[in-house]
Amino acid sequence: MTQAQATMPAITSMSDLRLFFHRNTRPIYFISATNFNLAGMDERVPHFKHINYIDCYDGRHPNVFVPSEQPHPEFEGIEDINNYLLQNKEVIDFIKGRGGDPVAVFLMFDEKTEELCKELGIELWFPPASLRTRCDNKMETVRIGNKAGVPSVPNVLAKVESYEQLIKLTEENGLGSDLVIQSAFGDSGHTTFFISNEEEWKKYADEIVKDPEVKVMKRINCRGGTLEACVTRCGTVVGPLLTEIVGAKELTPYKGGWCGNEVFPGAFPEKARIIARDYAYAFGNQLLEEGYRGYFDLDFLIDQDTEEVYLGELNPRVCGASPMTNHAAFAYADAPLFFFHLLEFSGVDFKLDVAAMNERWKNPKYIDSWSQLVMKYTDQEVDIVDQAPESGIYRMDDAGNVTFHRFDYHRLAVEGENEAFWLRITGRGDYRYEGADLGILITRGRSMTEEFKINARAENWIRGIKSFYKGRPLDTAVAEPVPSAGAFKIL
């Protein structure tokens, strides 16, 4: 907290909050592979910059800094990318050159990241990595939920070493024979296993038996939803419930893999929306008891047969849904949800009526209709990209043909459902391998049918954007290691 902040009066209203960030002078950096998760925050908060590894904008975004590539060991996760960036001389010079009392926020970080920030005099505005890791464990999520009165799908937590033991566990706990097993950590679609017989067990057994504990769930006929919230000293601020696009074969090779979201009024029955919001509020208050503060995301599973709402997963951080939440209508009427995260760690005194705000944000008028499609490479063959669609605004004609219109980095530049903003991830010279993130397409309107399948308009967008990619076979003389299928996510 700066001396000026220490003497300022407490923030008690939305206008106070917006004015506080309008006058921000502290350099704040979002350090990650791309700026996707907090895109646009630089325009709401002065002195907010993105430091990224991937140049999605070909050097044309004024608030994105991408250093030149330096030799480094192969990355195994986003944490490695961030630690590489924090040790890059160009990044260090950039931060020091801007002066001030720098702050960093991350999508993912570890204890090494914390050490590097301390060495560089950067304040890290998130709970400790050790606490985030504990809460991120899917087994721990169940336990926290149980303490908060937020139920998970009927399950048992145990070490599973054989199919025979699995059957015994399910019989003892009344879970049936159609099961879903999740390990403690991992990207959606990679560590979620659907098992209904011994053959399916054998397919995933090596992955399951190595874990000290897994979550064995009854399989239900469900729709997925996700909701972001923020734990503050005044209570838990709760955002809207978004639909999740999961396992769409046009977008991802992974069954159960997240590949996008929609936000629109009436996305879920009112009962489900109310229950999910109440659960998020209760879960957030329990997180505070666990020592956690700030931004988090909860995935919910809504049983289509019984309309029961169950806790799915916890993401103790910003995540792939964050751009949707922080650009919803309420974010412009009041403030982006991430403002409350920054405020909580700023050291400034505030006394906000969270209950009234949550009640106001329930109103459908604070929700616009948007969707985002996260496109992965779905083929098994590996190649090198020769041509890739640049980030910017694309248009679709009445026949479903997609053309590039102009470069831009503002999602609000999308004027209608015949336009979309494309954020390119995989570019020229990159490998395309199964599961590689090609990019994100953001459109107004829906991308799914009433049955929650990819609709015709979205299919045209996907086909059109992918048509701009051209690849060439690998040179057998290439010495670099080729990424394997299912390489770590970066979003």
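The values are calculated or read from the model by the stated rules, or taken from the named source; none is laboratory data. Everything quoted here is computed from the prediction, not taken from an experiment. Every residue, glycine among them, receives a Cβ derived from its backbone with ideal geometry; neighbour counts consider all protein chains shown. SASA here: full protein model, heavy atoms, side chains in, ligands and nucleic acids out. Shrake-Rupley method; radii C 1.70, N 1.55, O 1.52, S 1.80 Å.
Might you tell me the accessible area per residue for the chain, computed with a 1.4 Å probe and given in Å²? Spell out each step's value before the answer.
Numbers: 20530 Å² over 491 residues.
Per-residue accessible area for the chain comes out at 42 Å².
Put +1 on the Cβ of each Lys and Arg and -1 on the Cβ of each Asp and Glu in the stretch 275-410; which of L352, L287, P336 then has its Cα farthest toward the positive end of the dipole?
L352
Return the subset of K255/K362; K147/K351; K202/K466 for which the Cα-Cα distance in this structure is over 29 Å, preserving the input order.
Working: K255/K362 32 Å; K147/K351 27 Å; K202/K466 35 Å.
Over 29 Å apart, Cα to Cα: K255/K362; K202/K466.
Using just the alpha carbons, could you tell me how many Å³ per residue the convex hull of the stretch 283-359 encloses?
Details: hull volume 10.2 nm³, N = 77.
In the stretch 283-359, the Cα convex hull volume per residue is 133 Å³.
Output the peptides 95-101, 363-369 sorted from most to least packed, where packing is the average of other Cβ atoms within 10 Å over each peptide's residues. Walk me through the numbers on the way to the answer.
Values: 95-101: 12.4, 363-369: 15.0.
Going from most to least packed, we get 363-369, 95-101.
What part of the accessible area of the stretch 27-92, given as a whole %, is carbon or sulfur when the probe is 1.4 angstrom?
On the way: 1250 of 2480 Å².
Accessible surface attributable to carbon and sulfur in the stretch 27-92 totals 50 percent.
Checking a compactness column here: for the stretch 87-129, what do you get for Rg(Cα) / (2.2 N^0.38 Å), N being the number of residues? Can you show the working numbers first?
Working: Rg = 10.3 Å, N = 43, 2.2 N^0.38 = 9.2 Å.
Dividing the Cα radius of gyration by 2.2 N^0.38 Å gives 1.12.
Given Cα positions, please report Rg to Rh for the stretch 358-488, the hydrodynamic radius being the Kirkwood one. List each step's numbers first, then the result.
Working: Rg = 17.0 Å, Rh = 16.2 Å.
Value, to two decimals: 1.05.
Between the alpha-carbon centers of the stretch 236-307 and the stretch 318-352, tell me the distance in whole angstrom.
Centre-to-centre (Cα) distance: 17 Å.
Any idea what the dipole of the chain comes to, in debye rounded to 20, about its Cα centre with Lys/Arg Cβ at +1 and Asp/Glu Cβ at -1? Write out the running numbers ahead of the final one.
Details: 53 positive and 74 negative charges, 255 e Å.
For this selection, approximately 1220 debye.
What percentage of all Cα-Cα pairs in the stretch 49-105 are separated by more than 16 Å?
Numbers: 713 of 1596 pairs.
Here the long-distance tail beyond 16 Å is 45 percent of all Cα pairs in the stretch 49-105.
From the backbone phi of the stretch 385-397, what are the Karplus-calculated ³J(HN,Hα) couplings (6.51 cos²θ - 1.76 cosθ + 1.60, θ = phi - 60°) in whole Hz, Gly and Pro given as x?
Result, rounded to whole Hz: 6, 9, 9, 9, x, 6, 4, x, 9, 10, 10, 10, 8.
Return the Cα extents of the chain along principal axes one, two and three, sorted largest first, each rounded to a whole Å.
Cα extents, longest axis first: 64, 56, 50 Å.
If you take the charge dipole of the stretch 1-70 about its Cα centre, with +1 on Lys and Arg Cβ and -1 on Asp and Glu Cβ, which of I11, M41, Y29 is farthest toward its positive end?
I11
Sorted by accessible area with a 1.4 angstrom probe, largest first, how do R293, R317 fall?
Numbers: R293 85, R317 20 Å².
Greatest to least solvent exposure: R293, R317.
With only Lys, Arg, Asp and Glu charged, each at its Cβ (+1 for the first two, -1 for the last two), find how big the charge dipole of the stretch 132-219 is about the Cα centre; round to the nearest 20 debye.
Details: 13 positive and 15 negative charges, 98 e Å.
So the magnitude is around 480 debye.
Just the projected area, averaged over all directions, of the convex hull on the alpha carbon atoms of the stretch 216-258: how many nm²?
Numbers: hull surface 19.3 nm².
Computing the convex hull of the Cα atoms and averaging its projections yields 4.8 nm².
Please report the spacing between the Cα centers of the stretch 90-141 and the stretch 147-203 in Å, no decimals.
Centre-to-centre distance over Cα atoms comes out at 34 Å.
Provide the per-residue ³J(HN,Hα) series for the stretch 19-29, in order, calculated from phi with Karplus coefficients 6.51, -1.76, 1.60 and θ = phi - 60°, each as a whole number of Hz, with x at glycine and proline positions.
Karplus values, whole Hz, x for Gly and Pro: 5, 4, 6, 4, 9, 4, 10, 7, x, 10, 10.
What value does the stretch 383-444 have for Rg/Rh, both radii from Cα atoms and Rh as Kirkwood defines it?
1.01
Calculate, axis by axis, the spread of Cα positions in the stretch 233-380 along the three principal axes, and write the results as whole Å, longest axis first.
For the stretch 233-380, the Cα extents along the three principal axes come out at 53, 33, 31 Å.
What do you reckon, how do C222, C117 stack up by accessible area (1.4 Å probe), largest on top? Walk me through the numbers before you get to the answer.
Numbers: C222 55, C117 0 Å².
Correct descending sequence by accessible area is C222, C117.
If I take all pairs of Cα atoms in the stretch 321-425, what percentage of them are more than 16 Å from each other? List each step's numbers first, then the result.
Values: 3873 of 5460 pairs.
The proportion of pairs with Cα distances above 16 Å equals 71 percent.
Quick one: ranking E140, E172 by accessible area, 1.4 Å probe, largest first, what do you get? Walk me through the numbers before you get to the answer.
Working: E140 35, E172 120 Å².
From most exposed to least exposed: E172, E140.
On alpha carbon coordinates alone, what is the Rg over Rh value for the stretch 1-81, Rh being the Kirkwood radius? Display every interim value, and only then the final one.
Details: Rg = 16.2 Å, Rh = 14.9 Å.
Taking Rg over the Kirkwood Rh, I get 1.09.
Rounded to the nearest 10 Å², what accessible area does H327 have for a 1.4 Å probe in the complete protein model?
Its accessible surface works out to 30 Å², give or take rounding.
May I ask which residue of C117, Q87, G435 lies farthest towards the positive end of the charge dipole of the chain, with charges of +1 (Lys, Arg) and -1 (Asp, Glu) on Cβ and the Cα centre as origin?
Positive-most Cα among the choices belongs to C117.
Run the dipole for the stretch 290-335 about the Cα centre, Lys and Arg Cβ at +1, Asp and Glu Cβ at -1, nothing else charged, and hand back the magnitude in debye, nearest 20. Don't skip to the end; give the middle numbers.
Details: 2 positive and 9 negative charges, 91 e Å.
For the stretch 290-335, the charge dipole is close to 440 debye.
Would you report the distance distribution of C-alpha pairs in the stretch 68-163 as whole percents per 10 angstrom bin, up to the bin with the largest distance?
Whole-percent P(r) values from 0 Å outward: 13, 34, 24, 17, 11, 2.
Show that you can apply the helix-only estimate: for the chain, add -39,500 (n - 2.57) for every DSSP H stretch of four or more residues, divide by all residues, and state [θ] at 222 nm to the nearest 500. Provide the component values of the computation, followed by the final result.
Numbers: 16 runs with 147 residues, N = 491.
The helix contribution divided over the chain gives -8500 deg cm²/dmol.
For the stretch 131-249, what D do you get in µm² per second when you plug the Kirkwood radius from alpha-carbon pairs into Stokes-Einstein at 4 °C and 1.567 mPa s? Provide the component values of the computation, followed by the final result.
Details: Rh = 15.8 Å.
So the translational diffusion coefficient is about 82 µm²/s.
Could you estimate the translational diffusion coefficient of the stretch 252-308 from the Stokes-Einstein equation, with Rh from the Kirkwood formula over C-alpha pairs, at 10 °C and 1.306 mPa s, in whole µm²/s? All intermediate terms of the calculation are to be shown ahead of the outcome.
Details: Rh = 13.7 Å.
After rounding, the answer is 116 µm²/s.
Among the aspartates and glutamates, select those whose C-alpha is under 16 Å from the C-alpha of K470, and discard any that sit fewer than 8 residues away in the same chain.
By straight Cα distance, K470 reaches D379, E381, D383, D386, E390, D430, E434, D437.
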